Structure formats: C-alpha cells, structure tokens
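The values are calculated or read from the model by the stated rules, or taken from the named source; none is laboratory data. All of these numbers come straight from a predicted model, not from anything done at the bench. For neighbour counting, all protein chains shown are included, and Cβ atoms are generated from backbone atoms with ideal geometry for every residue, glycine included.
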Amino acid sequence: MKKRASALILTLSLAAGLLAACSGDKPSAASPPSSEEKVKISILNGLWDMPAGVDPNDNKWTDIFKEAFPNVDIEWILAPRDAAQFGQKKQMLMGAGDFPNLVLATKTDMINWANNGMILPVDDLIEQYVPNLKRYLSEEDMLNVTYMGKKYLIPGPVSSLQNPSVTYIRKDWLDKLQLPMPETPEQFMNVMKAFTEQDPDGNGKKDTYGFASQKSLVFMDNTLGYPFGVNLDTQANTIQWQRVDGKLLPDFVTPGAKQALAYFREMYATGVYDKESMVLDYGKLEEKITSGKYGAASFLSNAMRGRIAANIKKADLNAELVLLPPLKGADGRQGLPRGDNINTYWAVTQGTTPEQAKAIAELLNWFMEPNPETEYTSTMGDLINMGELNVHSTLLGGKYLEEIPDSQLTPEALADKYRFSYRLMFSSSHMLPDQERIEYSKLSDTVKPGFYEDVKAQVDYGVYNGMKIAGSVASQYLPDLITYFDEMKMKILTGAEPIDVFDKWVDYFYKNHGQEIIDEVNQMNS
C-alpha cells in the first residue's frame, strides 16, 4: 500500500516539500502525530462519482493520507455532494448526536451548532497547529468563522477569482442574426427573443432558447440581478447584503429585488427562458448547454471554458461561447458575484478528544503546506486537487498547476476525479493573491481560452457580500424567511402570483423578525 502511495506522490514534481516535511529529522507543522497509538477520526465530506468497486476508505487516494499520517486512522463518511442531499445527511447525523469528528459546514451551521454546544471553539487549535492559514487569510477574513468572540470553524482558503460565475453568450448566433452584443437588460431581452424565435442554429425547427439557469435560479440570481443592484442567490441558506445609506440591508427586500424579479418574470412569460431548466441540477444543466440549444447561460468559468467549450463543438462545430460583459442598469449599476477568500468551512464536533482535534488540525494544515520551490504552491493540496502532473494537470509558467480539461483526459484519468471526495482544502494554486491570480489566468488561457477575460471581469466588476457574519437571531429565523422568499420568487417568475406580491413579502419579512435580524447583522458587522 505504501509503495503505491509513494509512486503517486513522486509523480507530482512539486511534492518534494511534503516528503521533506514528513521524513526530515526536524518536526514540521505538517508532521503527523507522534503518538505510537493510532488516533481514530471520522470526516464527513461530499462524494464525487466513485468508480464501481472502489472502497471509499481504501484506495490510492486514501493511501496518501495513510502514508503521511501513519498514526491516524481516518474513517471517510461520504455523502452526495448535491447541496440539498448533503445537507440532509449532515443534519441527520448531527441531529441524532452521531457526530463525525470533522464536518463540512456552513456559517449558518456554525451558529446553530455553537448555540447548542455541538461544536468546539477552535481558536487555540488554529493558533497552535494550523499556522498555514495565516499565509492566506487576514484577520478580517477570519471574522467569517467568529461567533460571540470565538472561532468555531476552520476555514479553507481560496482565491475568490479561481472560478468566476459569469454569463456566456453565443457569438456565432449574434453574428448570424446580425445582432450587436447587448449592453443593457432591455437589449439582452431583445437578443434572447431573437435567439428563441429566429432559428439561430438553422435547423428549421423552433427548438432553441435564449437563456437557461439551473434549479433555484442560482446562476440567474447571481449574475443577471446586478443591473438592478441585487444578487438574489439563496444557496445554503445564505443571502447577499448591501449598504444602503450606511446601513446593511438584505438584497432581497430592496426595491432592486422587485425590479429583478419583474425582469425574470418577463423572460419566463415571453418564452426566452427554458422552463425545463428550472428543475435541472448543475450536471444536467451542463448537459443541456452542451446540446447547443441555448443562446446564453450563466455558469462557472472553469467548466464553461474547459469541458463545455469543447463538448458543445460536438453538437455544433460553429458554436462560439464568449463572455457577456456585465449588463448595465438604468442608473449605471453593473456587477458580478465575488465571494470572500474562503471556500470551505470545517467544524470540529463536541466529543472530539484533544488528541483527535490535534490530528485534525495537523491534517488540514498539511493540505496547505507550502512547497519550497514556490511561494504559493502547496504540495498535498495540489496532489489531491490537481492530480498527477502530466496525467491530470499541466504546469504553467514553471510554477502554476492547471487541470487538464476533461475532454483531453484519458478514461482512467477522468475516473480519478473521485479524488475530490478527499479534498479538505483547495490547493494554493487556487489561493493566489489577486494580481498573481490575474497573471496565472493569462497563462491558463493556453488551456482554457477566455479564462483571463472572465477573471479580469470579476476583478473589474466583482461585488462582495456586505455581511461577514450573522448571529443567533438570523440563525433562528432567517432560514424560514429564505424558504418563504424562494417560494414567492418562483410564484412570481411563473406568473402564479402578480409582481406586487413582492410588497407583501417585504411586509412579512419585517413582521417576522426581519428588523431584529437587520439590527443584529449591523451590530456584528459594524
């Protein structure tokens, strides 16, 4: 088993740092626990497609952990990574008191679990055993994991530029129909109508749509809302906040939210929006985009510039997906979503012993252990995230790793994507400071043409969430309010309710602890 893991590690030229850290005479921050007795820990993480016959707890990727941490016995509890399914599994385990030692969590989880004594504060743990966090995250970033003066989550750093969410449009369709690139919501609507009604693919059938989004309207909410000054994305029971006259307010109760919903409603009513896409998950939406029947779609850059750009050519050789510059609203507002420099949050649960907590912290720190050859590139983080050099990834500019697009992978290499089931932190190829990330994206254009353009757009137009952390009032009441909003949003979109029902929603929000939530958020984020 060790021989197999060693061979895999050595295939990645940048893994020298790990081997030095784990085999040198001096202990390092990434050294495994020194106890002779094995420390047993359990980890709940999201499951990626695993080939038939592969044991989730005994395979070539888990072997890497076993070699690096011979005194730590890890039980991997893997649940479907779909947000809803993973959330159900997580709440089932936590609700039953069957706590894995380390759980992939959200900030909402943190507040609920901290209030109920289900997770441990991790301030001392981070300070003593996770020094690599300071390489990537500031004290301001750490506010995301701070509640009532204590840190309750160990965050996983990632550059907010590593995978922009943007809107793409079929330039070949624009050219065929002799249409200019739309610049405003009104112009975009007219283009979408033309894409739907004027047979842009030339097959003589009315089988194309102007636009599509996935279920819950995630990508529509977080890209097409900005001309109206809002991001209506409610994934993982989180919402966007903005400052209005110096005070933080949730986007979904502002006048811009009503304007955005009216626009989405018009897209649906005029038939430019594929209604079937409202029930599609991420993977199914990707399949529909590659079928070549959508004129525009909002999606993640890595997928769109990589496998989607390659696969759509199979449906239409002339297909040309280009970035839609952020649409400009009537008052000049434009934007793209930009998150904090954190991608994952890990909770250490109640009942975890000091020995287990130490092993967990060292494991997370190990993922970020820097390589001596470069300032930012980690060793094991890159191996799990990027795979083997020249098999799953390629080296750009002598120091940046870039995943090879799926379309260029061998079947064996493609099957290895289940390694992401063991990703506890993103690699530091994903953690570069903004300016270096921009330089990296220029090199990445050789693998994913157009990626630099996406990154530059997010730098120029990115809008951060105004709220870093909420409190117990938001934790208690906001999930139900978000559910109410989502149901109302879908009724407005489909025409089941008039647009003015939005005003009743705002009234409902304030009558059901909304003002208390706003007051608490402003106090905690002052």
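Give the residue that is nearest to N231 (Cα to Cα), with candidates limited to residues of the range 262-286 that are hydroxyl-bearing (S, T, Y) and either free of Cβ contacts under 8 Å to residues at least 60 places away in the same chain or part of a helix (DSSP H, G or I) (or both).
Within the range 262-286, the match that is nearest to N231 (Cα to Cα) is Y263.
I need the full set of residues from the range 509-526 which are in a helix (DSSP H, G or I) and surrounded by fewer than 16 Cβ atoms within 10 Å (Cβ to Cβ), in order please.
Matches in the range 509-526: Y510, K511, N512, Q515, E516, D519, Q523.
Identify all residues within the range 226-261 that are free of Cβ contacts under 8 Å to residues at least 60 places away in the same chain and closer than 21 Å to A83 by Cβ; write none if there are none.
D251, the sole residue that qualifies.
Taking only the range 410-450 into account, find how many residues are among the aliphatic types (A, V, I, L, M), crowded, with 22+ Cβ neighbours inside 10 Å and modelled with pLDDT under 85.
Count: 2.
Filter the range 34-86 for residues that are part of a loop (DSSP other than H, G, I, E, B) and farther than 24 Å from G387 by Cβ and give the result.
Residues satisfying the conditions are S34, S35, E36, E37, K38, N71.
When the range 112-136 is examined, which residues are found to be more than 26 Å from R437 (Cβ to Cβ) and either within 22 Å of the chain's Cα centre (by Cα) or assigned to a helix (DSSP H, G or I) (or both)?
Residues satisfying the conditions are N112, W113, A114, N115, D123, D124, L125, E127, Q128, Y129.
For the range 476-493, state whether one or more residues are more than 28 Å from the chain's Cα centre (by Cα) and touching a residue at least 40 places away in the same chain (Cβ under 8 Å).
no
Mind checking which residues of the range 207-256 are in contact with an Asp or Glu (Cβ under 6 Å, 6 or more places away or on another chain) and of a type in the set (G, A, S)?
A212
Please pick out the residue among L161, L224, L153 that is crowded, with 24+ Cβ neighbours inside 10 Å and under 28 Å from I492 (Cα atoms).
L224
What number of residues in the range 398-423 are under 16 Å from L443 (Cα atoms) and touching an Asp or Glu at 6+ places or on another chain (Cβ under 8 Å)?
Of the residues in that region, 2 qualify.
Hey, among the residues in the range 424-463 that are among the polar types (S, T, N, Q) and in contact with an Asp or Glu (Cβ under 9 Å, 6 or more places away or on another chain), which one's farthest from N341 (Cα to Cα)?
T446
Each row is one residue, and each column tells you yes or no for (1) closer than 30 Å to N231 by Cβ; (2) surrounded by 22 or more Cβ atoms within 10 Å (Cβ to Cβ); (3) β-branched (V, I, T).
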{"position": "K328", "(1), (2), (3)": "yes, no, no"}
{"position": "R333", "(1), (2), (3)": "yes, no, no"}
{"position": "P337", "(1), (2), (3)": "yes, yes, no"}
{"position": "I342", "(1), (2), (3)": "yes, no, yes"}
{"position": "W346", "(1), (2), (3)": "yes, yes, no"}
{"position": "Q350", "(1), (2), (3)": "no, no, no"}
{"position": "Q356", "(1), (2), (3)": "no, no, no"}
{"position": "A359", "(1), (2), (3)": "no, yes, no"}
{"position": "W366", "(1), (2), (3)": "no, yes, no"}
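Quick check on Y477: is it out of contact with any His (no Cβ under 8 Å at 6 or more places or on another chain), in a helix (DSSP H, G or I) and hydroxyl-bearing (S, T, Y)?
no
Just name the residue that is surrounded by the fewest Cβ atoms within 10 Å (Cβ to Cβ) out of those in the range 164-196 that are among the β-branched types (V, I, T) and over 25 Å from the mean Cα position of the chain (by Cα).
Only one residue fits best here, namely T184.
Can you tell which of N341, N302, N318 is out of contact with any Leu (no Cβ under 9 Å at 6 or more places or on another chain), among the polar types (S, T, N, Q) and at pLDDT below 90?
N302
Please report, ordered by residue number, the helices (runs of 4 or more DSSP H) entirely within the range 394-470 with at least 3 residues that are outside the structural domain of N144 (by TED's automatic domain parsing) and at positive phi.
In the range 394-470, there are no helices (runs of 4 or more DSSP H) which contain 3 or more residues that are outside the structural domain of N144 (by TED's automatic domain parsing) and at positive phi.
Pull out all pairs, ordered by first then second residue, where Cβ-Cβ is under 9 Å, the residues are six or more apart or on different chains, the first lies in the range 423-434 and is closer than 13 Å to T344 by Cα and among the charged types (D, E, K, R), and the second is outside any loop (DSSP other than H, G, I, E, B) and at pLDDT 75 or above.
Listed pairs, sorted by first residue: R423/N45; R423/G46; R423/G156; R423/T344; R423/F367; R423/I384; R423/N385.
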